[in-house]
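Here is the structure we will look at, set down as structure tokens.
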Amino acid sequence: MKAGSTTIAVFAAVVLAGLVYVNCPQIRSLCAEGMTLDLAVCAGSKIPVACKTEARRKYEMCVKRTTCSL
């Protein structure tokens, strides 16, 4: 899970630096993959509601960092 989030964050930083054309559907897809991994971890969590809320928040932040709309 951590590696996926790190990869997405690095990609977002590169996009923000203007080094890559922003393809918003692809960005949303990458962010959704990270959220899917987070939700899989939430399945075993003792606080699933809070975990799912945090997964959604991380997805939204991922998309917003790349200047794409939700």
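Data for the structure
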item: Residues (touching a Cys at 6+ places or on another chain (Cβ under 6 Å) and farther than 17 Å from Leu30 by Cα) located in the range 46-62; result: Pro48, Cys51, Lys52
item: Residue within the range 27-38 that is in contact with a helix residue (DSSP H, G or I) (Cβ under 8 Å, 6 or more places away or on another chain), in contact (Cβ under 8 Å) with a residue 12 or more places away in the chain and loosely packed, with under 12 Cβ neighbours inside 10 Å present; result: no
item: The lone exception for Lys46 - which of (1) modelled with pLDDT under 90; (2) not in a helix (DSSP H, G or I) it fails; result: (1)
item: Val22 vs. criteria touching a Cys at 6+ places or on another chain (Cβ under 9 Å), modelled with pLDDT of 65 or more and either aliphatic (A, V, I, L, M) or in a helix (DSSP H, G or I) (or both); result: yes
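The values are calculated or read from the model by the stated rules, or taken from the named source; none is laboratory data. If you're wondering where the values come from, they're calculated on a predicted model, not measured in any experiment. Because the Cβ atoms are built from the backbone with ideal geometry, glycine has one as well, and the counts that use them run over all protein chains shown.
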